[in-house]
Structures are given as structure tokens and as C-alpha cells.
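Peer 1: To start, I am sharing the structure in question, which I have written as C-alpha cells.
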Amino acid sequence: MSTNYNLLGKGLRNLSILLILFIASPVSLTMGFKALKKFDNTPNEYISYLILFVAVVIIIFTIYFAFKTFNILLKAIFNN
């Protein structure tokens, strides 16, 4: 059971990207809901829906990326 250091480096890089995504996804969702409240019954209301849609896509991608990152880290530590 030796550690694959190349794969571990890739996993740690992905973990740092995941940390940024963990911060960016709820912030963008909050911005979308605040924009929805501010632009209520105005022509710019579609912008708030666009921000909400992008936030939901980022959240779904964050969950997928988290599983992928932890899978890489597990493969690096427990060499299959």
C-alpha cells in the first residue's frame, strides 16, 4: 500500500478548487434571491432568474466535483 504522489497532488489541487466552489455556490444563490427580491415586478427580473439558474448549476456541479475529488483522493491513498 504505497501512496501515489502524482494522483495525490491532483486530488489536493481539486480539493482547493472544491473549497472555492463551496464558498461560491451559496454566495451566488444568496445573490440570486436578493436580486429576485430587489427586481420584483421590473423589466430586470429575468436577470435574477438567470443568477438563480447559474447558482443551481454551480451547486449541482459542486456536489458532482466533490464526489469525484474524494474518489481521486481515495485512489491515491489506498492504491487499488
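Any read-out appearing in this document is the output of simple, stated calculations on the displayed coordinates, not a laboratory observation. Please read all numbers here as calculations on a predicted model, not as lab measurements. So basically every Cβ, Gly included, is an ideal-geometry build from the backbone, and we count neighbours across all protein chains shown.
Peer 1: Restricting to the stretch 32-57, give me the number of residues that are surrounded by fewer than 17 Cβ atoms within 10 Å (Cβ to Cβ) and either in contact with a helix residue (DSSP H, G or I) (Cβ under 6 Å, 6 or more places away or on another chain) or of a type in the set (S, T, N, Q) (or both).
Peer 2: Final tally of qualifying residues: 5.
Peer 1: Taking the stretch 5-26 on its own, how many of its residues are surrounded by 12 or more Cβ atoms within 10 Å (Cβ to Cβ) and either more than 23 Å from residue 63 (Cβ to Cβ) or of a type in the set (A, V, I, L, M, F, W, C) (or both)?
Peer 2: 9
Peer 1: Looking only at the stretch 7-57, which residues are of a type outside the set (A, V, I, L, M) and in contact (Cβ under 8 Å) with a residue 40 or more places away in the chain?
Peer 2: 10, 11, 14, 22
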